[in-house]
1. If you go through region A:203-212, how many residues are farther than 21 Å from A:Glu23 by Cβ, within 11 Å of chain B (Cβ to nearest Cβ) and touching a helix residue (DSSP H, G or I) at 6+ places or on another chain (Cβ under 7 Å)?
2. Within region A:22-55, track down each residue that is in contact with a Lys or Arg (Cβ under 7 Å, 6 or more places away or on another chain) and under 27 Å from A:Ala200 (Cβ atoms).
3. Only residues that are of a type in the set (Val, Ile, Thr) and more than 8 Å from chain B (Cβ to nearest Cβ): list them for region A:12-44, please.
4. May I ask you to verify whether B:Val65 is within 14 Å of another protein chain (Cβ to nearest Cβ), within 27 Å of A:Leu22 (Cα to Cα) and without any contact (Cβ under 8 Å) to a residue 24 or more places away in the chain?
5. Return the residue satisfying two criteria in turn: it lies in region A:204-219 and is within 20 Å of A:Gly43 (Cβ to Cβ) and of a type outside the set (Val, Ile, Thr), and of such residues it is farthest from the chain's Cα centre (by Cα).
6. Tell me, please, whether a residue that is in a strand (DSSP E or B), crowded, with 18+ Cβ neighbours inside 10 Å, more than 8 Å from chain A (Cβ to nearest Cβ) and not acidic (Asp, Glu) can be found in region B:184-194.
7. Checking A:Arg55 against (1) within 28 Å of A:Ala195 (Cβ to Cβ); (2) assigned to a helix (DSSP H, G or I), which test does it fail?
8. What are the residues in region B:64-105 that are within 16 Å of B:Arg27 (Cα to Cα) and of a type in the set (Gly, Ala, Ser), if any?
Protein chains: 2
Amino acid sequence: MELQIAVSKVTKWASRESGDTLEMIERPTGGLSLVLVDGQHSGKGAKAVSNLVARKAISLLSEGVRDGATARAAHDYLFALHGGKVQATLNIVSFDMVSKTVVLSRNNPNPTYALTPDGVTEWDEASRPVGIYRHTKPLIKELPLSPNLALVVFTDGLPTAGHRRGRPLNVRAEIERLYQGGIASAQSWADELLALAMAADEQRPADDISILVVAVLPGPDDSHPARRLVLRMPL
Amino acid sequence: MELQIAVSKVTKWASRESGDTLEMIERPTGGLSLVLVDGQHSGKGAKAVSNLVARKAISLLSEGVRDGATARAAHDYLFALHGGKVQATLNIVSFDMVSKTVVLSRNNPNPTYALTPDGVTEWDEASRPVGIYRHTKPLIKELPLSPNLALVVFTDGLPTAGHRRGRPLNVRAEIERLYQGGIASAQSWADELLALAMAADEQRPADDISILVVAVLPGPDDSHPARRLVLRMPL
């Protein structure tokens, strides 16, 4: 099997700093974890908050702490530091090579979409952000690692794209449409969803937008495949 | 300007775990850092060592600790933990948005290549790995962030590729050749260097091979460019 991960990310229009932070780390027991955080508000303050939460989560995950405990700790840390006055959304996606599962931990009112050969599932049970309600817990979902599986995770800039013009993006409908075409590559999906959001916002995003697509696909026909990472960012 | 980062990485033939670890993290003051570690030996033990060193470095960098202090701390930590008996190479490449420079910190006998409009420079001053000699320091180089700049960093699986067959890869000559063609994309260079190493090792790498190429190129013609990350890895 091959794991594909794609992230497409823009800042709010006329804002230099994104309040969204995406970090990735290897798990000491094999596999890796992705952390996506959206800090309250936008600009510099939001960046500081999202950095703080992402850093705490990455640090714990890299030491082998389990995802649920990591999300709780990230909440407790933010809550203690800011006295319950600052919030952030937190999603953790982990590929765990011990349990051979993909694990989604969600502290985010926005849903996550899971795509399997059985269809599209919207994980949308009520979920609280971290930082403001005492003893906040993540919602956790786990799926066996098998081919033709994808998750689509995002910050609220995606579903709110187009709101300003009264034509909000229908994220679920777009994901259903992508699913009909089959899971070709994580990158093409992340790029297409970002392009739709940018179009809905007339190329001037009203909020930071981050889209994370992970996909498990049948492996390439290569006896000794490489691991490849590519990042492109404006300076 | 656009920053491009590409990593291509294979494990030693018939080895499940790579002793090389590559991690990337956002810097709290803007920009990002990449950490490439090669742990002593290969397989599980090497992975544990390289994870340990990479984790310590990433954790400090994410808190805003400067690169030189981070490399010293990673050394001290490994030295204290294993009493000077375990070594690892450590390279840190940072894009610092405050100083507007790219910073290379090297604890690695293998050279790093810097490509600028003035030509190819081999940074090959004697440099010690971390973990075994008391008070080991990194060698640090810094270049202003300007277009048409690239760095090529690698673990020793690249220069030793082909050794077994008595036809070692001439890394410098290959980089000079790539440079003649111009810096097109970081990804194509990382992939081409890996393909050459794989060919030299007859598709059965004698060691873990990791190649990191970073490039600063003129920016794309886009008023609000996105940040994009793509990872592909065998499961």
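1. Final tally of qualifying residues: 1.
2. A:Leu22, A:Gly39, A:Ser42
3. A:Thr29, A:Val35, A:Val37
4. Yes.
5. A:Arg204
6. No, the conditions are met nowhere in region B:184-194.
7. (1)
8. Those that are within 16 Å of B:Arg27 (Cα to Cα) and of a type in the set (Gly, Ala, Ser): B:Gly64, B:Gly68, B:Ala69, B:Ala71, B:Ser94, B:Ser99, B:Ser105.
Read the figures in this text as sums done on the coordinates, not as results from a lab. Only a predicted model underlies this, so the values are computations on that prediction, with no experimental measurement involved. Positions of Cβ are backbone-derived with ideal geometry, glycine not excepted, and every protein chain shown enters the neighbour counts.
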